[in-house]
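The values are calculated or read from the model by the stated rules, or taken from the named source; none is laboratory data. Note that the structure is predicted; figures quoted are calculated from it, not measured. Here the Cβ positions follow ideal geometry from the backbone for every residue, glycine too, while neighbour counts run over all protein chains shown. These area figures cover heavy atoms from the full protein model, side chains too; ligands, DNA and RNA do not enter into them. Shrake-Rupley method; radii C 1.70, N 1.55, O 1.52, S 1.80 Å.
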Amino acid sequence: MRSRQRMFAAVMRLLLKCLRLGRRRRFKLVRQVEQLWHYGHLCLRSLLYNSFTNGDVVLDSLFEPVYWLVDHVTRWFGVVFVALVIGLTSSIVAIVYICLLPLILQTYTPAWICWHLAYGHWNLIMIVFHYYMAITTSPGHPPQAKNDLTGVSICRKCIAPKPARTHHCSICNRCVLKMDHHCPWLNNCVGHYNHRYFFSFCLFMTMGCIYCSISGWEMFRDAYAAIERMKLLEKERLQVAANQTYYQTPPPTFSFRQRAFHKSVVYLWVLCSSVALALGALTLWHAALITRGETSIERHINRKERQRLQKKGKVFRNPYSYGSWDNWKVFLGVDVPRHWLTRVLLPSPHLPHGTGLSWELPPCVTEQHVPLLAI
């Protein structure tokens, strides 16, 4: 009996030892898993941690595939947009010469004919010249030799010094001097060397569209009324043709030339009015930026800097602004009064002030402003 009790006690002790050993091993395995988890988490944070990471950086990372798609689509569709601009502009010019010009020569007085011919052809020449220069002129890029290049920062894409007012274009995949934006309608970046051509094209195109809309308003009303009459007569002709007898004759219809004329006038007025509104708003926006001595990119940068310094009780001052009037003179390259005629009102391929690498005070500036960022 005692031997059985001793054997049972020994078995129970052995079972308890096994349970304790299994529990220890289980706890040890859990501790090892926890240690591996914490170690992996620490390694991941050490690899991905950045003190500048915030919500904006995370959103940019999430939308990076969308940005890539937009950049490549814009790059390939730039040629299509340029062809569209040329095609629409050519169609308007063709309608004016084929349909409207003979009517103007027959009905207007000699003084009005001279004015329309002079202003219309001058505006057309300015549009064609500035658009051609805007799409063919390089906006300017930092030189490849970086020995003498003084940069205020390093481009993260080019891994090269980036001069002041220079930004990287993801579509062109290059840094652009004084970059304003990438324009798909030009298939080119708007930068230091073609910014004036871009703005002048927008301005003269808006002026031309407004001129066509105002001059063709009466013609548009007559053409629209004629088209409505055509629809009514066509409906009556169909009704008569359905119930026609030997003694009935269908009402007169408009010829193909008359239909084409009226529809062309309506097309011209609608297109010119739409472009005048859209492009006029863009022109006013860029005019406001030029008045402040900013580009589209610098507008957002300066606004954030202004808000940051305002919280510290300081005042932001744009170092590239010389006053409203002087900003326009620097932008247009007006050094002497006669340049308003030869460089602004007439086609001129003159270069802008400076090289885009450094920004010294232009000679046309009347008052020297201290280029301070904050006071």
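Suppose every Lys and Arg Cβ carries +1 and every Asp and Glu Cβ carries -1, with no other charges. What dipole size does segment 61-367 come out with about its Cα centre, to the nearest 20 debye?
The calculated dipole for segment 61-367 is roughly 860 debye.
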key: Accessible area (Å², per residue) of segment 61-367, counting only protein heavy atoms and a probe of 1.4 Å   = 59
ask   = Each label point is 7 Å from the Cα along the Cα-to-Cβ direction; what then is the distance between the points at Ser274 and Tyr211, in nm?
value = 2.3
message = Per 0.36 nm of contour for each residue apart, how much would the distance between Glu360 and Arg221 grow if the chain were fully extended, relative to their Cα-Cα spacing?
response = 44.6 nm
inquiry  = Just to verify a number: what accessible area does His182 come out at with the full protein assembly present, 1.4 Å probe, Å² rounded to tens?
reply    = 30
For segment 158-192 versus segment 81-107, the gap between their alpha-carbon centres in whole angstrom = 34
note = So the carbon and sulfur contribution to the accessible area of segment 61-367, 1.4 Å probe, in percent, is 66
inquiry  = Once R0 is set to 56 Å, what does the formula 1/(1 + (r/R0)^6) return for the Cβ-Cβ distance between Ile104 and Ile301, expressed as a FRET efficiency to the nearest 0.05?
reply    = 0.70
task = Would you calculate the separation in nanometres between label points at Arg292 and Gln310, each defined as 7 Å from the Cα along the Cα-to-beta-carbon direction?
result = 1.1
remark   = Calc'd 3J(HN,Hα), segment 208-213, phi into Karplus 6.51 cos²θ - 1.76 cosθ + 1.60 (θ = phi - 60°), Hz, glycine/Pro = x, comes to x, 5, 5, 4, 5, 5
Rough spin-label spacing in nm, given labels placed 7 Å along Cα→Cβ, for Arg338 and Asn173 = 4.8
